[in-house]
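Notes for the one structure printed next.
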Amino acid sequence: MHIREGDVVLDPMCGAGTLLIEAYMTQPYAIYLGGDHDSGQITKSVSNTQHLNRNGENCATISIIKASAYGELKFQRYFNEHLVVG
């Protein structure tokens with residue numbers, strides 16, 4: 001998978017955030033979105049990715065929300081022509 005600067009990477013079942021972290025390591029100038037229905041996994045994901053959020057330094061933004069892959073995802077406001085789904 002080739003991630004370009006400005007791409008939006010979506011992991012709708014992010015668990016502890018491993019895919020988001022690995023993707024960030026290949027391209028820190030993209031936008032990363034993760035969701036999970038399990039509050040415990042969200043807590044782990046936020047904890048695991050918070051050191052990567054360096055807003056203001058023109059680096060990646062990583063957002064984690066509570067969402068279900070089986071229901072309506074609430075990521076639509078982030079979609080653009082450069083969406084990479086993990």
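What the table below lists for this structure:
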item	result
Karplus (6.51, -1.76, 1.60) ³J(HN,Hα), θ = phi - 60°, over the range 23-35, in Hz, Gly and Pro reported as x	5, 4, 5, 8, 8, x, 9, 10, 10, 10, 10, x, x
Length added when fully stretched, Asp38-His2, from 0.36 nm per residue minus Cα-Cα	10.1 nm
Computed lengthening from Ser63 to Thr26, 0.36 nm per intervening residue step minus Cα-Cα distance	11.6 nm
Cut-off under 5 Å, modelled amide H: who pairs with Ile65 long-range	Gly34, Gly35, Asp36
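Just so you know, all these numbers are worked out from the coordinates, no wet-lab data involved. These numbers were taken from a predicted model, which means no experiment stands behind them.
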